[in-house]
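Undergrad: Quick one: the structure is below, and I'll ask about it shortly.
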Amino acid sequence: AFLGNIITRAGIHLPGNLDYAGDSFDSFPNGWAAISGPDSIPGGATIQIILFVGFLELAVMKDITGTAEFPGDFRNGAIDFGWDSFDEETKLQKRAIELNQGRAAMMGILGLAVHDKLGGSLPIVGDL
């Protein structure tokens, strides 16, 4: 979310149209204004996003085989990328790094959301 916010504020958007009415991705505002405001995406699109995320949470992102090593392990015996070749200490270190990166990203998007509501200018992002 943090990097996506920075990239769209830099003017980089997906090509093509968002809907059949011809609204392009760059025709909608950035940040919170894309969700709530006079130029926000339509309410039906917001509901569609929420339903898609709910589908992912309930049907896709879960431990189907029951072989998860830790909470959030959704490999289901199919994807490994060498994880099983690491020793336990390396696995714990890599999981801690991933958790810290997730926390940093959450703090970053929280900071952008606060500045978005307060207004003003940031060095990299510019006017909010």
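The values are calculated or read from the model by the stated rules, or taken from the named source; none is laboratory data. No experiment lies behind these values; they were computed from the predicted model shown. Positions of Cβ are generated from backbone atoms using ideal geometry, with glycine treated the same way; all protein chains shown enter the neighbour counts. These accessible areas exclude ligands, DNA and RNA; they are computed on the full protein's heavy atoms, side chains included. Shrake-Rupley method; radii C 1.70, N 1.55, O 1.52, S 1.80 Å.
Undergrad: Suppose we keep only residues that are assigned to a helix (DSSP H, G or I) and in contact with a Ser or Thr (Cβ under 9 Å, 6 or more places away or on another chain) within the stretch 1-31. Which one would you say is surrounded by the most Cβ atoms within 10 Å (Cβ to Cβ)?
TA: Among those residues, the one meeting the criterion is G31.
Undergrad: Among the residues of the stretch 58-65, is any within 18 Å of the chain's Cα centre (by Cα), at pLDDT 90 or above and open to solvent by 70 Å² or more (accessible area, probe 1.4 Å)?
TA: yes
Undergrad: Determine if the stretch 88-103 includes at least one residue that is under 21 Å from the mean Cα position of the chain (by Cα), assigned to a loop (DSSP other than H, G, I, E, B) and loosely packed, with under 13 Cβ neighbours inside 10 Å.
TA: no
Undergrad: Counting only residues that are touching a Lys or Arg at 6+ places or on another chain (Cβ under 8 Å) and charged (D, E, K, R), how many does the stretch 1-54 have?
TA: Residues flagged as touching a Lys or Arg at 6+ places or on another chain (Cβ under 8 Å) and charged (D, E, K, R) within the stretch 1-54 amount to 0.
Undergrad: Which pairs do you get when a residue that is more than 17 Å from T8 (Cα to Cα), found in the stretch 29-49, comes within reach of a residue that is modelled with pLDDT under 90 and β-branched (V, I, T), reach meaning Cβ atoms under 7 angstrom, with the pair 6+ apart or on two chains?
TA: Close Cβ pairs (under 7 Å, with a partner that is modelled with pLDDT under 90 and β-branched (V, I, T)) amount to T46/I35.
Undergrad: Restricting attention to the stretch 37-57, which residues are open to solvent by 60 Å² or more (accessible area, probe 1.4 Å) and not in a loop (DSSP other than H, G, I, E, B)?
TA: Passing the criteria: I47, Q48, I49, I50, L51, F52, V53, F55, E57.
Undergrad: Report yes if some residue within the stretch 16-25 is touching an Asp or Glu at 6+ places or on another chain (Cβ under 7 Å), under 26 Å from G108 (Cα atoms) and of a type outside the set (K, R); otherwise report no.
TA: Within the stretch 16-25, none of the residues are touching an Asp or Glu at 6+ places or on another chain (Cβ under 7 Å), under 26 Å from G108 (Cα atoms) and of a type outside the set (K, R).
Undergrad: Has the stretch 41-50 got at least one residue that is closer than 30 Å to K117 by Cα, touching a helix residue (DSSP H, G or I) at 6+ places or on another chain (Cβ under 6 Å) and polar (S, T, N, Q)?
TA: no
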